[in-house]
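First comes the structure, then the notes that go with it.
The values are calculated or read from the model by the stated rules, or taken from the named source; none is laboratory data. Computed from a prediction, not measured in an experiment: that's the story for all the values here. Glycine gets a Cβ as well: all are built from the backbone with ideal geometry, and neighbour counts include every protein chain shown.
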Amino acid sequence: MGLVSWLIILPFLTAMAVLMVPAKNWKAIRWISLTGTGMHLMLTAFTTMKFWALASQDIPAMKTATMTKLYFVERVTWFQTLGIDYFVGLDGISMSMVILTSIIIFAGTLASWNVEERTKEFFVLLLTLVTGVFGVFMSFDLFLFFMFYEVAVLPMYLLIGIWGTGPKEYAAMKLTLMLMVGSALILVGMLAVYHASGLHTFDLIRLATVNYPASLQTWVFPMFFLGFGVLGALYPFHTWSPDGHASAPTAVSMLHAGVLMKLGGYGALRIAVYLLPEGAKEWGLFFMGLTTINIVYGSFGAIMQKDLKYFTAYSSVSHCGFVLFGVAAMNLMGFKGAIIQMFSHGIMTGLFFALIGMVYGRTHTRIIPDMGGLAKVMPWLAVCFYVGGMASLGLPGFAGFVAESHVFMGGFFGNNFMNPVAMKTLTIIATVSIVVTAVYVLRGLATVFQGPITNHHFHELTDATLTEKLSTGLLVATLAVVGFMPWYFIDLIEASIFPFVNRLQASGTMVAFH
Amino acid sequence: MHSEQSFILNNVWLIPAIPFLSFLTLGLLIRNFPKKLQDQLSGIVATLAVFSAAVLAYWLAWEYFHLFPAGVAKQALVPWSFEWLRYQENLAVNVGVLVDPISVLLMVVVTTVSSLVHLYSTGYMHGDPGYARYFTWLNLFTFSMLGLVVSPNILQMYVCWELVGASSFLLIGFYFEKPSAVSASKKAFIVTRFADLGFLLGVILLGYYGYNLFASVAPSLHASGLTNVQPFDFAFLTNPEVMNQFMGMSDTFMGMGVLTLSMVLIFMGAAGKSAMFPLHIWLPDAMEGPTPVSALIHAATMVVAGVYLVARMFPVFAASADALLVVMYVGAFTALFAAVIGCTQDDIKRVLAFSTLSQLGYMMFALGVSSMDHPLGYTASMFHLFTHAFFKALLFLGAGALIHAVHSNSIWDMGGLAKKMPVTHATVLIATLAIAGIYPLAGFFSKDEILVAALESGHTGVFAIGLLVAGITAFYMFRIYFVAFWGKPSHHSEHAHEAPISMLIPLIVLAIFTIGAGFVPMADLVSIGHSAGGHHGINWAVAGPSLFVAAAGISFAWFMYVAGGKQRSAALAGALGGVYTTIKQKFYFDEIYLFITKKIVFRFIATPIAWFDRNVVDGGVNLSGWLTRASGAALNSTQTGQVQTYGAWFVGGAVTVTLVLWIFFL
């Protein structure tokens, strides 16, 4: 087995190890989980270094490439008659998402240190889910991709339904059903592409060699984009996210908002845009419009929220809008921004949900107006929350700025097949969110953490424990490292983005607006 | 380039890097120490770091102005840069340091004031529970400000611009348990953020058009020695050929050319940071921060970033006459508007805040009246920025000493402090005379030069405003001086005593600067465009009237507050009635803004959106769920389990299908 397979299988092996331990031994279970995810993080770090050395060398050569170049490929025939392979590998986009997931699951394990109800089942499901996520990010066979995709989405139902809070059954059902509708669209799209290609293969790279007829692209592209868009919180299919996040337990919210929602943006780029460039050209502006609504509407929606989790969920709707906006801008900066935003939002929102869990564990409330002055008793958590808030409003020095500036420039610079005036207008509308974000972030955080302590019980509360500090510290450090030294991250992904752009340029006839 | 020999010219990056390292040391390392050790170390480490940066800045100034003495065209050097962020080919941000006259000038100002403020704070903040946190953030601010000053490109400027905004936010809200401080910090951040939206759009516009021009102008830029230049670089944007191309562009937006539009947007950012009308509302509230912070950030350094930005982009502003006119009018109006409000405030720091606004207005309109052919206003603006930093920092630190002594911000709680606090009194008097523009203190020279520039530019109205504001300034500054030092002692000020030595040293040093700064031959050091500069001397035709109005302002203040006491001023306020109240309430701008945000944005945009999302969009989702269940329930009744029913359905279906086929296909 190669590196990539290990990256996929390690969480699953950890889950198996957890299964072996008797349930009453819950302390051992969390140590096993932590060891497993910690090993995964180290393996990811090792892979990243190897990958970076290779990929950053390839940047000049990839500038004109139209085909994705994969590293550490492993391929085993699976169902020969249907053309399904176990085909996994890494490109820059996958690599960055793997880093994100590995960090989040490690931090999430630390943040779930105190789950005492059915610890065993909780970690088994969590680790299975994350196996699915890793599988999605590293498979280049559509069938395999879809299988892992479902593995990632389904455990969520149980995780929310059992360990959640509030109207958890309703939230779990709504989330699962909406995502299933998305999956159905994706499945239809996959089968359409499979048949239209005539290659009898699900190999994504080979499928991309076909020029699909424009009529097919016209209807398949929106199927893919909407299907993935549901998971990426595309307006108006985002409403599962506030309810789902609010009901989910801490680590699940972290993983869900931090990583799972990224599958949407990832799939939209990797499959929809990659396979169907002409459909992308046709629909780009439409989806840019929808995502502009996401960005602005989500940020205004967040202002009035009273529950910290709803607050963060609406902020996620706005920030995930940037991901799909970047994808819909259909150029190098847009794609790059989308990927950096996926990473940055993943870390940021993971941090938010971890902190909300920690604050909730102390105050037993998530209602913003019920809190006040908490910075005095929990300075560490307050500082981390502010760092997250500042990253979320795009303060330079954190990853969010790198992402948002790319996305804005991408939208404004446009491309040579979408209406430039419309693109510029939408971009300018989207930039309004940087002010609105500042408004809701500062209002929310000021109420929770600043001012005098409003409830005398709060005086007895304590600051973060060591595991909590490790968990949040890791996330904060990641945000700062990418924000201060963005060039490493860009070197990691850039070579793999050129093919997407070049395919758009090479496909079909160009509509000259410029 | 001649810089090979000089250590400091090659290592300018050290100047921002030292405070940054100190920030990291304090924030990551020292904060984990025991409380007592933390407090002992943080003040010393932070202060030493900024002092060493100051020493390097003076060394740099010495080397740079010796390399390019008076009469020699001063080159802009970029001794160090690296690719920080690559957006795409030919569009990258090269973070680095730019050494040119104004960046050297600002480095000197920032490090001087910052190190004195650090020293002062070791006394002022002594015993505060957040002592270590305070110094951590103060260092963060100093780093960000120095990073802003040395930016060789507009994106680095934007990055540091936001960072100074964030550190200002942190320091205004330093007393985070105090609700007024919290809301002031939010207000400051959000208002400047709104302005930064303009800045960001301006940057994107310039980047976009710059990038489109890049291919065509790059060869000739390379030929002229500008290698490794990027569209965001100031060297690119202010290049004459690039500007010519920009002006030739036919794209317009709302009747404005691309260049004008970009510059107006950029100026919006500058106006936010420098608190120009109508984005001024955050600065008076920012006085909720600790007084040394007000001195450093909200008087001497951060608020001049807007002026600095306009100066940095001056050739481009000058290429667009309309944008420059906007700068001039906004600056002149702010100067007058803020001075009028300053006459009515009772909180000593707020009076100083309004005077800062007014002086920033001077610097702005000085830039607005100049041009590449007549750069006197440019020099004057930088000169005023330089002198103002010292005397305004001195005023704030002096005010801090007063507040420290009487534990109140109101000037009416002070009084009779001249004898009790002799050193503070003497230094504040020097600063007050300086801001009033009395010869031979620093403010006189720089203000005189601004007035001369305004007069020579032909904008007589602006000149008249400048002259009028000089008189008003003298009045309101001496109002607080007379009331605080000469007035009747109140029960607050009875037991006041002189500040500790660590606070007095900065006062004395700044007083020396305030006396001496006016004699710096600024025209030899800082200029732009075609004129070679040269010293202007004092134009008595302007200085005479300006001294006269200053004297008149001082006399009026004496007449009202020394000779007349409280009754006379109360009588005047009563006579003015509604006018006085309106001015005292700052023309109700805070209320207007609150109305717009709370009553309009929150109530008519945010709340409906939240409702719409929960009820309409999500309602749709729930509706589809309900429909599925309802249709399921309805179809349920068809599953009766009786063969007869199924048979009836089968026959009915078969008949329907046959009929349909028969109608449509036969």
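Exactly one condition in (1) away from chain A (no Cβ under 14 Å); (2) surrounded by 12 or more Cβ atoms within 10 Å (Cβ to Cβ) is not met by B:GLN567; state its number.
Of the numbered conditions (1) away from chain A (no Cβ under 14 Å); (2) surrounded by 12 or more Cβ atoms within 10 Å (Cβ to Cβ), the odd one out for B:GLN567 is (2).
So, in the range A:279-317, how many residues would count as being of a type in the set (D, E, K, R) and either crowded, with 24+ Cβ neighbours inside 10 Å or more than 13 Å from chain B (Cβ to nearest Cβ) (or both)?
Within the range A:279-317, the first condition is being of a type in the set (D, E, K, R), and the residues that meet it are A:281-282, A:306-307, A:309.
Keeping just the survivors that are either crowded, with 24+ Cβ neighbours inside 10 Å or more than 13 Å from chain B (Cβ to nearest Cβ) (or both) gives A:281-282, A:309.
Adding up the residues that qualify gives 3.
Collect the residues in the range A:136-177 that are within 14 Å of chain B (Cβ to nearest Cβ) and crowded, with 21+ Cβ neighbours inside 10 Å, keeping them in residue-number order.
Just the residues of the range A:136-177 that are within 14 Å of chain B (Cβ to nearest Cβ), to begin with: A:167, A:169-177.
The answer is A:ALA171, A:ALA172, A:LYS174, A:LEU175.
Name the helices (runs of 4 or more DSSP H) wholly inside the range B:357-468 in which the number of residues that are touching a helix residue (DSSP H, G or I) at 6+ places or on another chain (Cβ under 7 Å) and within 28 Å of B:TRP282 (Cα to Cα) is 3 or more. Steps first, please.
Working: elements: B:376-406, B:417-420, B:422-436, B:442-456.
Filter on the range B:357-468 gives B:376-406, B:422-436, B:442-456.
Is it the case that B:MET328 is among the hydrophobic types (A, V, I, L, M, F, W, C), at pLDDT below 90 and out of contact with any strand residue (DSSP E or B) (no Cβ under 8 Å at 6 or more places or on another chain)? Walk me through how you get there before you give the answer.
Details: among the hydrophobic types (A, V, I, L, M, F, W, C): yes; at pLDDT below 90: no; out of contact with any strand residue (DSSP E or B) (no Cβ under 8 Å at 6 or more places or on another chain): yes.
In short, no.
Could you check the range A:55-72 and list, in sequence order, the residues that are within 14 Å of another protein chain (Cβ to nearest Cβ) and either assigned to a loop (DSSP other than H, G, I, E, B) or of a type in the set (Val, Ile, Thr) (or both)?
A:ILE59, A:LYS63, A:THR64
Quick one: how many residues across the range B:166-181 are in a helix (DSSP H, G or I), facing chain A (nearest Cβ under 9 Å) and surrounded by fewer than 24 Cβ atoms within 10 Å (Cβ to Cβ)? Break it down into steps so the answer makes sense when it comes.
Here is the first cut: in the range B:166-181, the ones in a helix (DSSP H, G or I) are B:166-172, B:179-181.
From what is left, the residues that are facing chain A (nearest Cβ under 9 Å) are B:166, B:169-170, B:179, B:181.
Of the ones still in play, those that are also surrounded by fewer than 24 Cβ atoms within 10 Å (Cβ to Cβ) are B:166, B:170, B:179, B:181.
Final tally of qualifying residues: 4.
How about the range B:149-165: which of its residues are out of contact with any Ser or Thr (no Cβ under 7 Å at 6 or more places or on another chain) and more than 11 Å from every other protein chain (Cβ to nearest Cβ)?
B:SER151, B:ASN153, B:ILE154, listed by residue number.
Which count do you get for residues in the range B:84-111 that are under 27 Å from the mean Cα position of the chain (by Cα) and farther than 23 Å from B:THR379 by Cα? Walk me through it before giving the result.
Just the residues of the range B:84-111 that are under 27 Å from the mean Cα position of the chain (by Cα), to begin with: B:84-85, B:92-111.
Filter once more, keeping what is farther than 23 Å from B:THR379 by Cα: B:84-85, B:92-96.
Qualifying residue count, the range B:84-111: 7.
Being of a type in the set (Val, Ile, Thr) and at pLDDT 90 or above, is that true of even one residue in the range A:439-462? Write out each step before concluding.
So the first thing to find is which residues in the range A:439-462 are of a type in the set (Val, Ile, Thr), and the list is A:439, A:441, A:447-448, A:453-454, A:462.
Then drop every residue that is not at pLDDT 90 or above, which leaves A:439, A:441.
Yes, that holds for at least one residue.
Examine the range A:347-362 for a residue that is within 14 Å of chain B (Cβ to nearest Cβ), out of contact with any strand residue (DSSP E or B) (no Cβ under 9 Å at 6 or more places or on another chain) and either among the small types (Gly, Ala, Ser) or buried (at least 24 other Cβ atoms within 10 Å of the Cβ) (or both), and state whether such a residue exists. Please lay out each step first, then the result.
From the range A:347-362, those within 14 Å of chain B (Cβ to nearest Cβ) are none; that's our starting set.
Scanning the range A:347-362 turns up no residue that is within 14 Å of chain B (Cβ to nearest Cβ), out of contact with any strand residue (DSSP E or B) (no Cβ under 9 Å at 6 or more places or on another chain) and either among the small types (Gly, Ala, Ser) or buried (at least 24 other Cβ atoms within 10 Å of the Cβ) (or both).
For the range B:218-230, indicate whether the set of residues that are within 11 Å of chain A (Cβ to nearest Cβ) and part of a helix (DSSP H, G or I) is non-empty.
Step one: of the range B:218-230, the residues within 11 Å of chain A (Cβ to nearest Cβ) are none.
Taking every residue of the range B:218-230 in turn, none turns out to be within 11 Å of chain A (Cβ to nearest Cβ) and part of a helix (DSSP H, G or I).
When the residues of the range B:182-198 are filtered to those that are of a type in the set (A, V, I, L, M) and within 8 Å of chain A (Cβ to nearest Cβ), which remaining residue is farthest from A:ALA438 (Cα to Cα)?
B:VAL182
Only one of (1) surrounded by fewer than 15 Cβ atoms within 10 Å (Cβ to Cβ); (2) touching a residue at least 24 places away in the same chain (Cβ under 8 Å); (3) within 14 Å of another protein chain (Cβ to nearest Cβ) fails for A:GLY182. Which number is that?
(1)
Does B:TRP558 satisfy being at pLDDT 85 or above, away from chain A (no Cβ under 12 Å) and either part of a loop (DSSP other than H, G, I, E, B) or more than 32 Å from the chain's Cα centre (by Cα) (or both)? If you could, list the steps in order and put the result at the bottom.
Values: at pLDDT 85 or above: yes; away from chain A (no Cβ under 12 Å): yes; either part of a loop (DSSP other than H, G, I, E, B) or more than 32 Å from the chain's Cα centre (by Cα) (or both): yes.
For B:TRP558, the condition - at pLDDT 85 or above, away from chain A (no Cβ under 12 Å) and either part of a loop (DSSP other than H, G, I, E, B) or more than 32 Å from the chain's Cα centre (by Cα) (or both) - is met.
Yes/no matrix, rows are residues, columns are (1) in contact (Cβ under 8 Å) with a residue 40 or more places away in the chain; (2) surrounded by fewer than 24 Cβ atoms within 10 Å (Cβ to Cβ); (3) over 19 Å from B:LEU148 (Cα atoms):
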position: B:ALA295; (1), (2), (3): yes, no, no
position: B:MET328; (1), (2), (3): yes, yes, yes
position: B:GLY331; (1), (2), (3): yes, no, yes
position: B:ALA338; (1), (2), (3): yes, no, yes
position: B:THR344; (1), (2), (3): yes, yes, yes
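If I go through the range B:58-84 residue by residue, how many of them are farther than 18 Å from B:PHE386 by Cα and away from every other protein chain (no Cβ under 14 Å)? Break it down stepwise before answering.
To start, the set of residues in the range B:58-84 that are farther than 18 Å from B:PHE386 by Cα comprises B:63, B:66-84.
Okay, now just the ones that are also away from every other protein chain (no Cβ under 14 Å), so B:63, B:66-80.
So the count comes out to 16.
Considering (1) surrounded by 24 or more Cβ atoms within 10 Å (Cβ to Cβ); (2) more than 7 Å from every other protein chain (Cβ to nearest Cβ); (3) more than 18 Å from A:ALA338 (Cβ to Cβ); (4) modelled with pLDDT of 90 or more, say which one A:GLY410 fails and leave the rest.
Result: A:GLY410 fails condition (3) only.
Could you grab me the full set of residues in the range B:191-241 that are in contact (Cβ under 8 Å) with a residue 24 or more places away in the chain, under 23 Å from A:THR427 (Cα atoms) and β-branched (Val, Ile, Thr)?
B:VAL191, B:THR192, B:VAL203
Which condition number does B:ARG603 fail, the rest of (1) modelled with pLDDT of 85 or more; (2) within 14 Å of chain A (Cβ to nearest Cβ) being met?
(1)
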